[in-house]
Every structure is written in C-alpha cells, then in structure tokens.
C-alpha cells in the first residue's frame, strides 16, 4: 500500500540548489543566498500537516520514499528510505537527507541525491520563479 502527500511551493531568485547532502522546501516567504539546499519557498504545507497514515508508513525502516519535484516541464525524482525516528513535527520546512540524521524536519533519509545533484534546468526554472510541486510517495 502506498500513501502520497503533495506540497506546492514557489521558486525564488536565490534558489541555487548546491547542497551536497540535503534538499529542503520551506513555508518561509524569503530565501537568502545562504539557503543552498532550498528548492522552494512559501510551501502550502509542512510535515506537521501530513496524514497520520503517511507518517506511520514513513516510520517503517524498509519503506521507500520517493520525492518527485516538478517545475514547468522539468521533473526530477529522488529516492530515499523511511526511519523509525521520523517525527514529522515541523510546521516550517521539510528536508530530505543523504545521511541517516533525523530531526523534526526530516521526511526521508538515505536519499540517492541531494539538491546539488538535481538537474540544472530544473534548478534554473525554480530560480526564475517557476512554481514547484513536490509529490512524496511512500511504499
């Protein structure tokens, strides 16, 4: 059985997506150049808003979590894993990590890619202000 959550956000001129170990989408309405893992701002949802069934499925160690980023005609998929310590308590931002570190923002661990690995055409679209749709699916 799979569960899905969709988060919509906005691109921003400071989207650089250069971070080597994480990606992030935030509800904040601003972004400085230092936010090099952030792909979208003004997200309409945060982990605290996710369905309890989705959260429970993500807490299974054997869960596969897929994050699909779409902006305009560009799309990129990152695959990661669940973890028993995922809390989904953040009401501000969500983070995917290539490591197994978990905090209240973490939505997946052991990601096969981070912000810096994403297609530059997708990143360029986001830096030009294109809207972002993030589809998280857990199986």
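Residue pairs whose Cβ atoms lie under 9 Å apart, separated by 6 or more positions or on different chains, with the first residue in the range 64-92 and within 24 Å of residue 48 (Cβ to Cβ) and the second modelled with pLDDT under 95 and surrounded by fewer than 16 Cβ atoms within 10 Å (Cβ to Cβ), are 81/61; 82/61; 83/61; 84/61. The residue pairs whose first member lies in the range 118-134 and is modelled with pLDDT of 95 or more, whose second member is buried (at least 22 other Cβ atoms within 10 Å of the Cβ) and in a helix (DSSP H, G or I), and whose beta carbons are closer than 7 Å, counting only pairs six or more residues apart or on different chains, are 132/126. Counting only strands (runs of 3 or more DSSP E) that sit completely within the range 1-54, those holding 3 or more residues that are surrounded by 23 or more Cβ atoms within 10 Å (Cβ to Cβ) correspond to 22-26, 38-40.
The values are calculated or read from the model by the stated rules, or taken from the named source; none is laboratory data. Because the structure is predicted, anything quoted here is derived from the model rather than measured. All Cβ positions, glycine included, derive from the backbone under ideal geometry; neighbour counts span all protein chains shown.
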